[in-house]
Amino acid sequence: MDLAVERIKHDGVLIVGAGLAGLSAALAVAPRKALVLTGALVNQGCSSAWAQGGMAAALSDDDAPALHAADTVAAGAGLVDAAMAAILAQEGPDAVRRLALLGAPFDRDDQGQFATSLEAAHSRSRVARVKGDQAGRAIMDAVVRTALSAPHVQIRSGARLRGLLQDAEGRVRGVLAEEDGRLIEITAAATILATGGIGGLYAVTTTPPELKGEGLALAAMAGATIADPEFVPFHPTAIDIGRDPAPLATEALRGEGAKLIDGDGEAFMARYHPDAELAPRDVVARAIHAEREAGRGAFLDARAAVGAHFPDEFPAVFAACLSGGIDPRVQPIPVAPACHYHMGGIVTDANGQTSLANLFAAGECASTGVHGANRLASNSLLEAAVFGARAGYAAREVVDPKSRPLRATPAPDLPPEALAQLRIAMSRDAGVVRDADGLSRLIAEIDAMEAAYGRAAPLVAARLTAQAALARPASLGAHFRADGVPDLAPARTFITLPASSPPRLAAE
């Protein structure tokens, strides 16, 4: 890599990530200028466009934000910040309506109202969808069109985050990015990280492989407080056809009545939870894991529930199945749990402000406290839209301190073979079921890789997850310890890495 550094001063807000959270923030920055950096092409490399379920919001007459907030708190297994959940639920309906005005074609009923579906752990039918399983793509198409046409928004593709710029007081002054092998220092009054989750750290994931927790790790290395990294939910029904990443069979299929069966055609979920297929997703994921480990296999049978309507009602699932030689109209779909989201992240307040001055975070890389130990289904897109916009509104008010950034050194890269080794180890030891022996083995493997390759961002993100999982001996929500002990007063995890030696002042 050419280590010559180009320097750019952006007169506005700098946003890293072009998913729903990042672009919601960019639109909210107006009238100030927003510069959006994304490593992949717009609408690629972000989980938002891959989301199938929809957006949960209290949109119907028999629902209310207070009910939505209560369901969110209940799903989070005691760790949800109730005040933050109330904000999410209260602002949720307007967020959905705002996206509809941008052109997101949500399904409507005969009266023109939002058609909503029921998902696991919701007490009401409140998930707004697009053609069954097309919500993420349709929402992102509408938001991308709006952002590309907004005069205050500039999107710069092919720019990978390599570090954060800080001044002598620790304020974040922008980022160190890489474009075509060149390093670029971009300074700005405020920086928003919307870099997504950690799915790319797992061998079986439903998320884009680019999402390796690098934003989370680089923020942690800069001194930002991280919360709850051990809580990694696994979607129960990734389609098991040998693809990486694994395509997703949306939870809406179970909401429509699809059944989970073993290789002999016997339904098994009632043995694990009284709500059977509509049990919380961590319970369903562990049940499928157990059936597969026992050699009985696991399949999602939607032949009676959907059948011939698959092409029209769930086109993404239908196409994915066909690509793997499965016709879900007449065959059960082989399924396996897969890393799907990350409840942990960079700690923020209600306006996206992190523990570092002038640094904001939104979306999956942030920890607002709304998900707790187990995210309520279809709250992820909603959180990205609601708190992405709130971060944008707050960041646009930041006054440029005009301080001098310190020199930044990019974190080392992790070679492809080492990343592949890490992904296998994470799925094996920090997966659906964990124990102290496996987590200790994983941390030792991370130690060895760090000794060989340096403090690469994926290794830092993996270490945060593994060490927090080892430090929580009790099972809670998406974190399940096979060797678990009771915990009558669970508390959130907060981690701040020790400060490294201060870097030198950058050259003028």
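The length gained on full extension between A308 and A451, counted as 0.36 nm times the residue separation minus their Cα-Cα distance, comes to 46.0 nm. The angle separating the long axis of helix 436-453 from the principal Cα axis of greatest extent in the chain is about 40 degrees.
Available extension along the chain between D110 and Q331 is 76.3 nm, counting 0.36 nm per residue and deducting the alpha carbon span. With respect to the chain, whose longest principal axis is taken over its alpha-carbon atoms, helix 65-75 is tilted by about 90°. For T409 and L488, the FRET efficiency from 1/(1 + (r/R0)^6), where r spans their Cβ atoms and R0 equals 56 Å, is about 0.80.
Rounded to the nearest 20, the Cβ-based charge dipole of the chain about its Cα centre (Lys and Arg +1, Asp and Glu -1) stands at 1160 debye.
Decide, for the range 296-424, between rounded, prolate and oblate: order the square roots of the alpha carbon gyration tensor eigenvalues as a ≥ b ≥ c, take rounded if a/c falls under 1.5, and otherwise choose prolate if a/b is larger than b/c, else oblate. Because a/c hits 1.5 or more and a/b exceeds b/c, the range 296-424 counts as prolate. Residues of the range 336-367 falling in the label zone of I241, defined by backbone nitrogen less than 18 Å from a point 7 Å along Cα to beta-carbon, are 336-338.
Backbone geometry of the range 193-206 corresponds, through the Karplus equation with coefficients 6.51, -1.76 and 1.60 at θ = phi - 60°, to 3J(HN,Hα) couplings of 8, 9, 8, x, x, 10, x, x, 7, 10, 5, 10, 9, 9 Hz, x marking Gly and Pro. Relative to the longest principal axis of the Cα atoms of the chain, the long axis of helix 135-149 lies at roughly 30 degrees.
For the range 175-236 versus the range 259-275, the inter-centroid distance based on Cα atoms is 37 Å. Take the Cα of R97, go 7 Å toward its beta carbon, and the backbone nitrogen atoms of the range 110-138 under 12 Å from that spot belong to 114. Here the Karplus relation 6.51 cos²θ - 1.76 cosθ + 1.60, evaluated at θ = phi - 60°, turns the backbone of the range 109-122 into coupling constants of 8, 5, 8, x, 7, 4, 7, 10, 10, 8, 10, 4, 6, 8 Hz, with x for every Gly and Pro.
Taking the average, over residues, of other Cβ atoms within 10 Å as the packing measure, peptides 75-84, 480-489, 96-105 rank 75-84, 96-105, 480-489 from highest down. Mark the label point 7 Å from the Cα of A30 along Cα→Cβ and return the residues of the range 65-107 whose backbone N is within less than 20 Å of it. Of the residues in the range 65-107, 94-105 have backbone N under 20 Å from the label point off A30.
Straight-line reach from K9: taking Cα to Cα under 17 Å and skipping same-chain neighbours fewer than 8 places apart, the lysines in range are K33, K402. Each peptide in 175-187, 358-370 gets a packing score, the mean of other Cβ atoms within 10 Å over its residues, and the list from highest to lowest is 358-370, 175-187. Taking label positions 7 Å along the Cα-Cβ direction at both H273 and A474, the computed distance is 2.0 nm, reported to one decimal. Cross-link partners of K131 among aspartates and glutamates, defined as those whose alpha carbon lies under 13 angstrom from its own and excluding same-chain residues fewer than eight positions apart: D107, D109, D312, E313.
Cα centroids of the range 425-485 and the range 400-421: 23 Å apart.
Read the figures in this text as sums done on the coordinates, not as results from a lab. Keep in mind that what you see is a predicted model, and the values were worked out from it rather than measured. Cβ coordinates were reconstructed from backbone atoms using ideal geometry, including for glycine residues, and neighbour counts include every protein chain displayed.
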